[in-house]
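> Sharing a structure below in structure tokens format, with a few things to ask.
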Amino acid sequence: MVGDHSRSLGKGSAAPGPVPEGVIRLYSMRFCPFAQRTRLVLRAKGISHEIININLKNKPDWFFEKNPFGLVPVLETSKGQLIYESPITCEYLDEAFPGKKLMPSDPYERALQKMLLEHFSKITPIVFKYFVAVKDGQDTTALKAEIAEKFGKLEEVLSKRNTVFYGGDSISMLDYMIWPWFERLEPLQLKESLSHTPKLQRWMEAMKEDPAVKATMTDPQTFKDYLQLYLKNSPEACDYGL
């Protein structure tokens, strides 16, 4: 099965055949924020692609030949070339395919986006930690404060630049790289972490209008239900709602 909403392949499934000419294949999982980065870039650049979803709670053995870490996203070309790690897959797509360039052409601006992405990568584990702590009934005051403080830094960048997006007046690579976690703030019960960041709120509203964002969005309730299954290590989690 191929496509955004296809059922995932798990242990015991046959490995898919070669990638057809003129298409790039993405190994993904419907609810994975890291794979969503790659899906956003594929859509934004209008790249012909097929999607094969992987059951991350019951991974097929052959998948480790695509990525020894056993994680999504992974890109596979018709030449059998494999590219993994979400920022690397996105940069590859931007460089290898024509159309709008998502990375800035200026070397300093490019470096700045990568540095900001490094800062952001420190937020993602805290967000998940927070959700698990809420579920377990633990005190989350310190985690919440840490998340709000890190969002404050992102707010500062937009204030200094005085632009709607991180790349200026149009969406750039960094905007797509950080979006999947903002999309999930509501189901993760973190929406109020943005109460003191008006620029980030405006950025979120603008992002929601983007066609690639609209095409890859997951309904908050669906994501919430998926998370419950995921935390129970259910092999059904990845196919929730299909």
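> Please list, ordered by first then second residue, the pairs with beta carbon atoms under 6 Å, 6 or more apart or interchain, first in region 51-62 and in contact (Cβ under 8 Å) with a residue 12 or more places away in the chain, second open to solvent by less than 30 Å² (accessible area, probe 1.4 Å) and among the aromatic types (Phe, Trp, Tyr).
ILE52/TYR27; ILE54/TYR27; ILE54/PHE63
> Conditions first: (1) free of Cβ contacts under 8 Å to residues at least 60 places away in the same chain; (2) outside any helix (DSSP H, G or I). ALA148 passes all but one, so which condition is the exception?
(2) is the only condition that ALA148 fails.
> In region 40-62, what count of residues is obtained for those that are surrounded by 23 or more Cβ atoms within 10 Å (Cβ to Cβ) and not in a strand (DSSP E or B)?
4
> Could you check region 202-224 and list, in sequence order, the residues that are open to solvent by 50 Å² or more (accessible area, probe 1.4 Å) and within 19 Å of the chain's Cα centre (by Cα)? Talk me through it step by step, then tell me what you get.
As a first pass, look at region 202-224 and keep what is open to solvent by 50 Å² or more (accessible area, probe 1.4 Å): 202, 205, 208-209, 211, 214, 217, 219, 221, 224.
Matches in region 202-224: GLU205, LYS208, GLU209, PRO211, LYS214, MET217, ASP219, GLN221, LYS224.
> On the basis of being outside any loop (DSSP other than H, G, I, E, B), out of contact with any Ser or Thr (no Cβ under 9 Å at 6 or more places or on another chain), more than 27 Å from MET103 (Cβ to Cβ) and touching a residue at least 12 places away in the same chain (Cβ under 8 Å), does GLU186 make the cut?
no
> Does PHE69 satisfy being more than 17 Å from ASP239 (Cβ to Cβ), touching a residue at least 12 places away in the same chain (Cβ under 8 Å) and loosely packed, with under 14 Cβ neighbours inside 10 Å?
Details: more than 17 Å from ASP239 (Cβ to Cβ): yes; touching a residue at least 12 places away in the same chain (Cβ under 8 Å): yes; loosely packed, with under 14 Cβ neighbours inside 10 Å: yes.
Answer is yes for this residue.
> May I pose another question? Given the structure, is GLY12 surrounded by fewer than 23 Cβ atoms within 10 Å (Cβ to Cβ), among the small types (Gly, Ala, Ser), at pLDDT 95 or above and within 22 Å of ASP175 (Cβ to Cβ)?
no
> Being part of a helix (DSSP H, G or I) and modelled with pLDDT of 90 or more is the filter here; which residues of region 132-145 pass it?
Passing the criteria: ALA133, THR141, ALA142, LEU143, LYS144, ALA145.
> List the pairs whose first member sits in region 194-217 and is under 22 Å from ARG161 (Cβ atoms) and modelled with pLDDT under 95, whose second member is in a helix (DSSP H, G or I) and of a type outside the set (Lys, Arg), and whose Cβ atoms are under 8 Å apart, counting only residues at least 6 apart or on separate chains?
Short answer, once both residue conditions are applied: LEU194/PHE151; LEU194/LEU200; LEU194/GLN201; LEU194/MET204; HIS196/ALA148; HIS196/GLY152; HIS196/GLU155.
The values are calculated or read from the model by the stated rules, or taken from the named source; none is laboratory data. Nothing here was measured: the structure is a model prediction, and the numbers come from that model. No Cβ is skipped: glycine too gets one built from the backbone with ideal geometry, and neighbour counts run over all protein chains shown. Remember, those area values only see protein heavy atoms, side chains included, never the ligands or the DNA or RNA. Shrake-Rupley method; radii C 1.70, N 1.55, O 1.52, S 1.80 Å.
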